[in-house]
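The values are calculated or read from the model by the stated rules, or taken from the named source; none is laboratory data. Model, not experiment: these values are computed from the prediction. FYI the Cβ positions are ideal-geometry reconstructions off the backbone, even for glycines, and counts take in every protein chain you see.
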Amino acid sequence: MKIVLDRRFCTRWQASCEACFASRLTKGDFDVADCALSVSDNHRPEISFKIYDRDGSVKDLVVNAENAPKAYDSWLLLWEEQAGLVI
């Protein structure tokens with residue numbers, strides 16, 4: 001699954017965004033999210049996200065069976081872990 005999100009279209013604050021993301025990840029209904037630009041099935045087991053953030057950055061995030069619990073807790077912390085040191 002490939003999902004493109006744009007947080008500039010949503011008014012949720014960060015904690016609310018984290019909860020919304022976890023809920024949509026559980027239900028698999030990102031296609032109805034306010035911030036969703038596109039959702040496409042690439043027939044892969046992991047979910048690849050491209051997230052356009054409010055600060056103008058673009059965050060790439062991959063959620064799979066192994067890191068899904070971390071994504072449920074915080075997609076942003078999981079992204080920071082995956083991205084490594086960002087300068």
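Residue by residue, here is whether (1) surrounded by fewer than 17 Cβ atoms within 10 Å (Cβ to Cβ); (2) free of Cβ contacts under 8 Å to residues at least 40 places away in the same chain holds:
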| site | (1), (2) |
| --- | --- |
| 2 | yes, no |
| 5 | no, no |
| 13 | yes, yes |
| 23 | yes, yes |
| 38 | yes, yes |
When the stretch 44-79 is checked residue by residue, the ones that are exposed (fewer than 14 other Cβ atoms within 10 Å of the Cβ), over 18 Å from residue 27 (Cβ atoms), within 13 Å of the chain's Cα centre (by Cα) and acidic (Asp, Glu) are 60
Any residue that is at pLDDT below 95 and touching a helix residue (DSSP H, G or I) at 6+ places or on another chain (Cβ under 6 Å) - is there at least one of those in the stretch 54-71? yes
For the stretch 35-87, which residues satisfy the criterion of being over 18 Å from residue 6 (Cα atoms) and small (Gly, Ala, Ser)? 65, 68, 83, 84
Return yes or no: is residue 8 of a type in the set (D, E, K, R), touching a strand residue (DSSP E or B) at 6+ places or on another chain (Cβ under 7 Å) and over 17 Å from residue 73 (Cα atoms)? yes
